[in-house]
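Visitor: The structure under discussion is supplied below as structure tokens; questions concerning it will follow.
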Amino acid sequence: MRPRVLLADDHAMVAKALARLIDEVADLVAQVTDGQRLVEQARRLRPDIVVCDITMPGMSGIDAMRQLKAEHSSARFIFTTAHWEPSLAAEAMRAGAAGYVLKPAAGDELLDAISAVMGGRTYLTPFISGDVLNLTASTTQAERELLRLLAQGKHMKEIAAELDISIGTVEDHKTHLMQLLHLENTADLIRFAIKQHIVPD
């Protein structure tokens, strides 16, 4: 079954382009241009996913999401934004966002983000994922240490011993990191760590 998506963006040309992308994989149930209308339509239509901008008239996308989550809305939010600041992305993820896509890359990333979110995963644009990883509360210190140790070539047993946790917990941390960064395997995690200078190149 195709997910039901509510789109919120106050830029007409951008909204039109995003709507075309969404139509490829989901049913677009409504389009709105401000945060208050987003809240109203989400209450009425109960979409599976809300694709929205952060900066909108009346109420920001993040504030709209917080309000709906306080009302126990099950809609999962994917933010499409021109804001490159990792701190803003981290704020969105901490507040409960399921996805964060930069508008210049939306043509390549939005469909992947929708697929990830419908699969119960999160999607964070790779353009800023390394910085966000360091800022967001959704990653623990142990997970960041795990990433560093993996990139140093340590095996799972060695990592478990060094962090004083079970191998099962190490696996859980690794799985969470791969989901957050939408990576496929340990080798991808190691390449990511090197690219983000978590370990020396």
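The values are calculated or read from the model by the stated rules, or taken from the named source; none is laboratory data. Treat the numbers as computed from the prediction; the structure is a model and nothing was measured. Because the Cβ atoms are built from the backbone with ideal geometry, glycine has one as well, and the counts that use them run over all protein chains shown. Protein only, heavy atoms only, side chains kept; ligands, DNA and RNA dropped before computing areas. Shrake-Rupley method; radii C 1.70, N 1.55, O 1.52, S 1.80 Å.
Visitor: Modelled label-to-label distance, ASP112 and ALA95, 7 Å Cα→beta-carbon offset: nm?
Guide: Here the modelled spin labels are 2.5 nm apart.
Visitor: Using only Cα atoms, locate the centre of the stretch 18-44 and the centre of the stretch 140-157, then give the distance between them in Å, rounded to an integer.
Guide: Computed from Cα coordinates, the inter-centre distance equals 40 Å.
Visitor: Could you give the accessible area per residue of the chain, probe 1.4 Å, as a whole number in Å²?
Guide: Heavy-atom SASA per residue in the chain reads 48 Å².
Visitor: How much length is gained on full extension from ALA105 to ALA187, taking 0.36 nm per residue of separation minus their Cα-Cα distance?
Guide: Taking ALA105 through ALA187 to full extension adds about 27.1 nm, to one decimal.
Visitor: What FRET efficiency would be calculated for the residue pair GLN152, ALA82, taking the C-beta separation as r and a Förster radius of 41 Å, to the nearest 0.05? Don't jump to the answer; show the numbers that get you there.
Guide: Working: r = 37 Å, r/R0 = 0.89.
My answer for the efficiency is 0.65.
Visitor: Per residue, how much space in cubic angstrom lies within the convex hull of the C-alpha atoms of the stretch 7-46?
Guide: Once divided by residue count, the hull of the stretch 7-46 is 48 Å³.
Visitor: Taking all protein chains in place and a 1.4 Å probe, what share, in percent, of the accessible surface of the chain do carbon and sulfur account for?
Guide: Details: 5020 of 9710 Å².
Summing carbon and sulfur atoms, their accessible area is 52 percent of the total for the chain.
Visitor: Would you mind computing, in nm to one decimal, how far apart the modelled labels at HIS11 and ALA70 are, each placed 7 Å from Cα along Cα→Cβ?
Guide: 2.9 nm
Visitor: Follow-up question, since we're still on this one. With a Förster radius of 25 Å, plug the Cβ-Cβ distance of GLU40 and ARG121 into 1/(1 + (r/R0)^6) and report the FRET value to the nearest 0.05.
Guide: On the way: r = 29 Å, r/R0 = 1.14.
FRET efficiency, GLU40 to ARG121: 0.30.
Visitor: By a straight-distance test (C-alpha under 28 Å), which lysines pair with LYS174 as possible cross-link partners, with residues fewer than eight away in the same chain excluded?
Guide: Straight-line reach from LYS174, under 28 Å: LYS69, LYS154, LYS157, LYS195.
Visitor: While we're looking at this one, here's another question. So, in nm, how far is label ILE167 from label ARG4 when the simple model puts each one 7 Å beyond its Cα toward the Cβ?
Guide: Once both label points are built, they end up 4.6 nm from each other.
Visitor: I need two numbers for the chain: Rg to one decimal and Dmax as a whole number, Cα atoms only, in Å.
Guide: Gyration radius and largest Cα-Cα distance of the chain: 17.9, 55 Å.
Visitor: Apply the a/c threshold of 1.5 to the C-alpha gyration tensor of the stretch 31-79 and tell me whether it is rounded, prolate or oblate.
Guide: Rounded.
Visitor: Applying 1/(1 + (r/R0)^6) with R0 = 22 Å to the Cβ-Cβ distance of VAL25 and HIS176, what FRET efficiency is obtained, to the nearest 0.05?
Guide: Given R0 = 22 Å and the Cβ-Cβ separation, E is 0.30.
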